[in-house]
Amino acid sequence: MPEFLYAAAALVLLLTGLGLMRMLWGPSPADRLMAAQLLGTGGGAIALLIAIASGTMAIIDIALTLALLAAFAAVALTLGEPGTKTRAGEGEQ
Amino acid sequence: MSVVLDAFTVITVTAGLVFFLAGTVGLLRFPDALTRLHALTKADNLGLGLIVLGLLPQCPDITSALKLIAIWVLVQFAGASASQLIAQFVRRNEPGP
Amino acid sequence: MSLLVDLVLVALILMAAVWTVLVRDRRDAVIAFIVLGLLLSLVWMRLYAVDVALTEAAVGGGATGLVLLRACARLLPVEAEGRLPGPGTQIAAGLLSAIAAAGLAAVVLSPPVPYPSLAALAAENIHQVGLGNPVTAVLLAYRSLDTLLEKVVLVLAVIGVWALTPDAFWGGAPGSLKSKHASGALDLLARVLPPFGIVVGIYLVWNGADHPGGTFQGGTVLAAMWLLMMMADLADPPEIRLKRLRRLVVFGPAVFIAAGFAGIFMSGWFLSYPPDYAKPIIVAVEAALALSIAVILGLLVAGPAAEPPKR
Amino acid sequence: MMPAQVAAPDGVLLILALMLPSIGLLAIFVLGHSRPERIALPVLAANLAVALIVALQVGHSGQAATYRLGGWLPPLGITLRADGLSAALIAMAALILFVVAIYARGNFASKAGGSESRQPMVFWTLLLGLSTALNTVFLAQDLFSLFVALELLTFSAVPLVCLEGSRETLRAALRYLLFALAGSVLYLIGVALLYGAYGTLDIASLHQVTRADRATSIALGLMIAGLMAKAALFPLHLWLPPAHAGAPAPASAVLSALVVKAPFFLILRLWFDVAPQPQPVIAGTMLAALGAASILVCSVLALRQARLKLMVAYSTVAQVGYLFLVFPLVMGSEAAVPWASIGWTGGVLQLVSHAFAKASMFLAAGLIAEAMGHDRIDDLGGAAEAVPISIAAFALAGLSLMGLPPAGGFVAKVMLLTAAVVSANWWIAATILAGGLLAAGYVFRVIGRAFADPAGGAPPPKAVARSRELAVLSLAGVALLLGFLPLQPFAYLGIGQGGMP
């Protein structure tokens, strides 16, 4: 069974890694972010698969942390949006 | 019994992999950002969901099983919110169809 | 089979790293950097350095992306001027990286056999501090002075960021983190996620005594929740003059120092713990540190004050 | 491995040297709402007392003071240790910080009953941060603890550069931050490689086991390269002049006098205590060659500066260059151990006397600028009448930089020169002499202008507090007093060297 789970983890990594082509292609930041989002979900799945395959239950906590923060990049994207409150030269007098 | 559970794991995890494949293909092949978002959420919901389901019988204790379920719930919620946010972002930043 | 995981991981990391450096747009570089952090977290996991993987997942996923994207937002006008680093800077940076990489490669490719390590010694002595996680024993017992001084560094970092405040705004609140565009999804997320996040944060701190996890991971998750609430406009960035806020920043380091001096009286040495009470003292110090780390990281992301204090 | 029952009382003082300033800065952060200097000054005074007692105890016992944190023995635990050199340097740092603090009351004193303001709060907390950092650099015996010490140093020093908040100082601070962080990364990589090779980071343990192999050379090479960037050795000095010239005078004084010395001290430790013996001649020669380039290039640049503070900043790069001449001199000497050689003692004395002289010089430059309203060297006419004590202090400190008797810099440079001649390193001897001439050039240029008649139409100079002028003079006085030390290796600096416990 561990061999199968490792193989599954490798496949998920391969697939979500292929999705990173979208990070390279874009064209918009939203597209690039979706690739990151997919990899985040995939990363959680990989962590779970490896946790069970290797019997290291502590790895589940990594997936838990990834899941908890999964939406953060998407939220943070709105920070970088032109039109949000920005102050050029802030911190200078 | 364990053979049945193992078979269940193999089948559901494999099904999960298929949805990850679908998500990736969709992300790469679909024509515009909003449809690509659709593909992404499929992987989030079903890909991870099926893998979690498949792993449940393999959990050594009830705590880790509960954690697995909690992770899936969290990813559902985060994924849904993130898709909303990304969709709104796309709406604002791209000229409508 | 696990070799396949590693190979794919290495290929992806190289790709993400090169892309982070090459891509012209700052925001795209940050997204690539977030991806790189995710991948690194998986690498640490593959090396069974679960504590480090947790830190990378929490910091890379929760804090670094936020800091960098916020910086991008402020830098956009400069980018419009089209001022990019000159060829001299680029060559110098490339040369520096190449030298460091070549040095690393030369060493890694000629390993000593066997690898010497203190891991066995750390595990041997762990019963004296009543912990189960050797990483926590290193951080809070054997090398506790480093950890203590690192917390002083964090306080200095807060002061350094605040030092960028214009004089007239001193004491005021940092610029708002909230998005200009109202979003029901964000609002919902920021109402539902923090209760879970706080539980997970506390769990990571508590669990850290015996299992992977600990103050920094837990503190970072807590900070992420606070920041989420600030971005959804459910919480305002606090005015930097507030005494309550400053007490929270100092609380962890102060408890740590107090525990250090208590050690002199209880068992003879600064930062030593009497064996019977070692674990409760360490967990208490960790809890205090996690709280301070959460506040400090939140403040570091929020940045210098951007408006005068309200009277 | 159990904690020993009794802690040596001298060792506890080492803890206080780290914790007093840390507690002080946390206290200002929480409490110092209106008058941060009221916390900082007593803390720095106590820190000075602690440092002096440690220095006296080390001298009295003739042995290094040691403290094992938490009672853990290395390599698992961390040790603090004050040998003769460390004790002398923490005393030096504490004294300079204290005098600078007295002076800085004139810049950053807050008004009674007023609310907290930015510059005083930031300055006083970071000054205490620097005190923590320097004491840790001089006392820690563990390569990773020293990394943390370097981080303390960076995070305290960089914001001081842009305390004024102008566009140029922000740019200078950012450049400084980039160099410092690049240096930290290289240092940290080296630390990781050494741990990978030897399984310990304790300097005393490493001292016994390091081998002359590829991994060790690369690790030490990366670490020393990183530290060179932090110490502003040519050609990595580009960040220093704008940073040190842009900071407020008291900040410049501690940055130039103390902060750049910390990475040099660490190079010294790596070279003599960690590197396998004997050290490669080519590496020592390379360090000295870069030092010589620092001296020559930056002395010439100092001569050409129009602004006083920039001139003093370029002079710092040149004077730090002298420190790096030590490496081939010690190898070529006949003494069996480096700390018993004239070259080593000359290097340490150069470090200490430059610290006092440069602190005095920057503070004097600050007062001159305050009195005249500018720091353009060509328009300094009348300064000698307006701030005579500051000009005198500047001249006295200048003697030390030139290497003229009776200043401390004289003894230091004569010792280095002697060592260079004895070891037949003629190019080093020539550099020392040329550097002295160039220093004379830039110092006399300022003194000469200061005694000129004031330019017509210049605004009348403003008065500065006498106590601040005296603080400046006292530092120059210490630099001068060091010149009365005998021309021989000092036994004190050798305490605790070699047979490390």
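Name, by its number, the condition in (1) more than 7 Å from chain B (Cβ to nearest Cβ); (2) more than 15 Å from the chain's Cα centre (by Cα) that does not hold for A:GLY40.
Evaluating A:GLY40 over (1) more than 7 Å from chain B (Cβ to nearest Cβ); (2) more than 15 Å from the chain's Cα centre (by Cα) leaves (2) as the failure.
Residue by residue through the stretch C:265-311, note down the ones that are touching a strand residue (DSSP E or B) at 6+ places or on another chain (Cβ under 7 Å) and assigned to a helix (DSSP H, G or I). Full working, then the answer.
Taking the stretch C:265-311 first, the residues touching a strand residue (DSSP E or B) at 6+ places or on another chain (Cβ under 7 Å) are C:269, C:302-306.
Passing the criteria: only C:ALA302.
Spot the failing condition for B:THR41; the list is (1) of a type in the set (S, T, N, Q); (2) farther than 20 Å from C:LEU228 by Cα; (3) modelled with pLDDT of 85 or more, and only one is missed.
Condition (3) is where B:THR41 drops out.
Only residues that are in contact (Cβ under 8 Å) with a residue 40 or more places away in the chain and facing another protein chain (nearest Cβ under 7 Å): list them for the stretch C:184-197, please.
Step one: list which residues in the stretch C:184-197 are in contact (Cβ under 8 Å) with a residue 40 or more places away in the chain, which gives C:186-187, C:189-191.
Those that are in contact (Cβ under 8 Å) with a residue 40 or more places away in the chain and facing another protein chain (nearest Cβ under 7 Å): C:LEU186, C:LEU189.
Restricting the search to the stretch D:112-164, which residues are at the interface with chain C (Cβ under 8 Å from one of its Cβ atoms) and among the hydroxyl-bearing types (Ser, Thr, Tyr)?
D:SER115, D:SER117, D:THR125, D:THR132, D:THR136, D:SER145, D:SER156 - these are the residues of the stretch D:112-164 that are at the interface with chain C (Cβ under 8 Å from one of its Cβ atoms) and among the hydroxyl-bearing types (Ser, Thr, Tyr).
Name the residues in the stretch C:237-255 that are under 22 Å from the mean Cα position of the chain (by Cα) and either more than 14 Å from chain D (Cβ to nearest Cβ) or among the basic types (Lys, Arg) (or both), would you?
If the condition is that a residue be under 22 Å from the mean Cα position of the chain (by Cα) and either more than 14 Å from chain D (Cβ to nearest Cβ) or among the basic types (Lys, Arg) (or both), then C:PRO237, C:PRO238, C:ARG246, C:ARG247 are the ones that fit.
How many residues does the stretch D:293-326 hold that are farther than 30 Å from D:GLY381 by Cβ, buried (at least 24 other Cβ atoms within 10 Å of the Cβ) and over 18 Å from the mean Cα position of the chain (by Cα)?
Residues that pass the stated criteria total 0.
For C:GLY86, indicate whether it is out of contact with any Gly (no Cβ under 9 Å at 6 or more places or on another chain), modelled with pLDDT under 80 and not aliphatic (A, V, I, L, M).
When the stated conditions are applied, C:GLY86 passes them.
Only one of these conditions is not met by D:ALA429: (1) out of contact with any Asp or Glu (no Cβ under 6 Å at 6 or more places or on another chain); (2) under 21 Å from D:ALA364 (Cα atoms). Which number is it?
(2)
Residues in the stretch A:4-28 that are touching a residue at least 12 places away in the same chain (Cβ under 8 Å), closer than 14 Å to A:ILE50 by Cβ and facing chain C (nearest Cβ under 7 Å): how many?
Adding up the residues that qualify gives 3.
Working carefully through the options D:ALA45, D:ALA82, D:ALA49, D:ALA93, find the one that is modelled with pLDDT of 95 or more, within 20 Å of the chain's Cα centre (by Cα) and either crowded, with 24+ Cβ neighbours inside 10 Å or basic (Lys, Arg) (or both).
Residue meeting the stated conditions: D:ALA93.
Which residue, of B:ILE69, B:ILE11, is among the β-branched types (Val, Ile, Thr), farther than 24 Å from A:GLU3 by Cβ and either out of contact with any strand residue (DSSP E or B) (no Cβ under 8 Å at 6 or more places or on another chain) or modelled with pLDDT under 90 (or both)?
B:ILE69
I'd like to know if the stretch C:109-117 contains one or more residues that are assigned to a helix (DSSP H, G or I), more than 7 Å from chain D (Cβ to nearest Cβ) and not hydroxyl-bearing (Ser, Thr, Tyr).
Checked the stretch C:109-117: no residue is assigned to a helix (DSSP H, G or I), more than 7 Å from chain D (Cβ to nearest Cβ) and not hydroxyl-bearing (Ser, Thr, Tyr).
Given (1) closer than 22 Å to C:LEU118 by Cα; (2) more than 10 Å from every other protein chain (Cβ to nearest Cβ); (3) outside any helix (DSSP H, G or I), where does D:PHE234 come up short, assuming only one miss?
(1)
Quick check: is even one residue across the stretch B:25-34 without any contact (Cβ under 8 Å) to a residue 24 or more places away in the chain, basic (Lys, Arg) and buried (at least 22 other Cβ atoms within 10 Å of the Cβ)? Let's see the steps before the verdict.
Filtering the stretch B:25-34 down to residues without any contact (Cβ under 8 Å) to a residue 24 or more places away in the chain leaves B:25-31.
Of the ones still in play, those that are also basic (Lys, Arg) are B:29.
Narrowing the set further to residues that are buried (at least 22 other Cβ atoms within 10 Å of the Cβ) leaves none.
No: zero hits.
Go through the stretch C:173-230 and give me each residue that's surrounded by 24 or more Cβ atoms within 10 Å (Cβ to Cβ) and of a type in the set (S, T, N, Q).
Answer for the stretch C:173-230, where residues must be surrounded by 24 or more Cβ atoms within 10 Å (Cβ to Cβ) and of a type in the set (S, T, N, Q): C:THR215, C:GLN217, C:THR220.
Return the residues of the stretch D:435-491 that are closer than 20 Å to D:GLN319 by Cα, surrounded by 15 or more Cβ atoms within 10 Å (Cβ to Cβ) and among the small types (Gly, Ala, Ser); say none if nothing qualifies.
Listed by number, the residues that qualify are D:GLY435, D:GLY436, D:ALA439, D:ALA440, D:ALA476, D:GLY477, D:ALA479, D:GLY483.
Using the structure shown, decide if B:GLN88 is free of Cβ contacts under 8 Å to residues at least 12 places away in the same chain, within 14 Å of chain C (Cβ to nearest Cβ), touching a His at 6+ places or on another chain (Cβ under 9 Å) and more than 15 Å from A:VAL12 (Cα to Cα). Steps first, answer last, please.
Details: free of Cβ contacts under 8 Å to residues at least 12 places away in the same chain: yes; within 14 Å of chain C (Cβ to nearest Cβ): yes; touching a His at 6+ places or on another chain (Cβ under 9 Å): yes; more than 15 Å from A:VAL12 (Cα to Cα): yes.
Judged against the criteria, B:GLN88 is a match.
Part of a loop (DSSP other than H, G, I, E, B) and of a type in the set (D, E, K, R): which single residue out of D:GLU164, D:GLU168, D:GLU151 fits that description?
The unique qualifying residue is D:GLU164.
Checking D:ALA88 against (1) within 16 Å of the chain's Cα centre (by Cα); (2) within 14 Å of chain C (Cβ to nearest Cβ): exactly one of these is not met. Which one?
It fails just one condition, (2).
Checking D:VAL348 against (1) within 22 Å of D:LEU396 (Cβ to Cβ); (2) not in a helix (DSSP H, G or I), which test does it fail?
Single failed check for D:VAL348: (2).
The values are calculated or read from the model by the stated rules, or taken from the named source; none is laboratory data. Everything numeric here is computed off the predicted structure, so don't read it as measured data. As a convention, Cβ positions derive from the backbone with ideal geometry for all residues, glycine included, and neighbour counts pool all protein chains shown.
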